[in-house]
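J.: Before I ask anything, here is the structure I am working with.
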């Protein structure tokens, strides 16, 4: 894998990225025609994707609020954070606890540009340019070292990102989880979710489509059992591993994922 200074800093408007497609689904403006066209093609087979993206964002916000209010977490490390949008992790957490520190990590150069512009006046928050698989580089980065004390509890976020990397004994999702978990203090938490489908036809189509559209910057749509494996050894917070719109909803009438060709599936685990 490339080190941070070897990652591309060139923004190619003709090749879609997962971050910009996600931005489009959330109603953002930091995306290009290629990203919007890819979303239109994806919607033909999995038309629930916009609802899925919105529900995933709400899940992240609820989880950050819960971890800050109920568990006293004051440090967040957000892998594959994507483009800044409304109510980012630092905004949700710092409304509750202004002293919260947040480090965002992404390999998309557009995220780096927009994120650093947004956060240039916030000394408690930083954006670093790295691949989420580069655990040593991320944890050893000067901004991470400045903002995160790993002797204290940290919330590590892998929100809707593991489908972007392929399986590998050394750099697949499980290997990344194990490397990060080994560096965390008791009381830390790991939020993890990804796109899953129990329908082989959906998994195969989306995996192939996104691999072609993003020119190989993709992993695969997985199954619920794959996600469950990442949480082994962690204590699941209620309600466990679920379709994320049902994770501690704010109200009984909160938006739910009504279609099930694919869903965001995951939860939050506590390290004792």
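Throughout, read-outs are computed from the coordinates displayed, never taken from laboratory work. Since we're looking at a predicted model, the values are computed, not measured. Counting neighbours? That spans all protein chains shown, and the Cβs are built from the backbone with ideal geometry, glycine included.
J.: Taking the number of other C-beta atoms within 10 Å as the exposure measure, put 141, 260, 79 in order starting with the fewest.
T.: 260, 141, 79
J.: Assuming a ≥ b ≥ c are the square roots of the Cα gyration tensor eigenvalues, decide whether the stretch 194-272 counts as rounded (a/c under 1.5), prolate (otherwise, with a/b larger than b/c) or oblate.
T.: Verdict is oblate for the stretch 194-272.
J.: Here is a follow-up. Do you know the relative contact order of the chain, to the nearest whole percent, from alpha carbon pairs under 8 angstrom that are 6+ apart?
T.: Numbers: 502 pairs, mean separation 52.3, N = 272.
Answer for the chain is 19 percent.
J.: Follow-up. Taking a virtual spin label 7 Å from the Cα of residue 236 along the C-beta vector, which residues in the stretch 161-198 bring their backbone nitrogen under 20 Å of it?
T.: 161-163, 173-175, 177-178, 181, 187-198
J.: Same structure, new question: Roughly how many nanometres apart are two label points built 7 Å out from the Cα toward the Cβ at residue 85 and residue 149?
T.: A separation of 3.3 nm, rounded to one decimal place.
J.: Return 272, 95 ranked ascending by Cβ neighbour count within 10 Å, so the fewest neighbours appear first. Walk me through the intermediate numbers first.
T.: Details: 272 8, 95 12.
Least to most surrounded, the residues fall as 272, 95.
J.: Report relative contact order for the stretch 73-140 in percent, whole number only (criteria: Cα-Cα under 8 Å, sequence separation at least 6).
T.: Values: 100 pairs, mean separation 23.1, N = 68.
So the answer I get is 34 percent.
J.: Please report the antiparallel percentage of the DSSP beta bridges confined to the stretch 4-270, to the nearest 5.
T.: Rounded to the nearest five, the antiparallel share is 40 percent.
J.: Which of the peptides 264-271, 67-74 is most tightly packed, and how do the rest follow, going by the mean number of other Cβ atoms within 10 Å of each residue?
T.: 264-271, 67-74
J.: Calculate for the chain the 222 nm mean residue ellipticity that helices alone would give, adding -39,500 (n - 2.57) per DSSP H run of length 4 or more and normalising by residue count, nearest 500 deg cm²/dmol.
T.: Taken over the chain, the calculation gives -11500 deg cm²/dmol.
J.: Compute the Cα gyration tensor for the chain, then decide on rounded, prolate or oblate, letting a ≥ b ≥ c be the square roots of its eigenvalues: rounded whenever a/c is under 1.5, prolate when a/b is larger than b/c in the other cases, and oblate in all that remain.
T.: Rounded.
J.: A further question follows. If one computes the Cα centroid of the stretch 155-185 and of the stretch 39-89, what distance in Å separates the two points?
T.: The two parts, judged by their Cα centres, are 17 Å apart.
J.: By its C-alpha gyration tensor, with a ≥ b ≥ c as the square roots of the eigenvalues, how is the stretch 148-228 shaped: rounded for a/c under 1.5, else prolate for a/b larger than b/c, else oblate?
T.: In terms of gyration-tensor shape, prolate.
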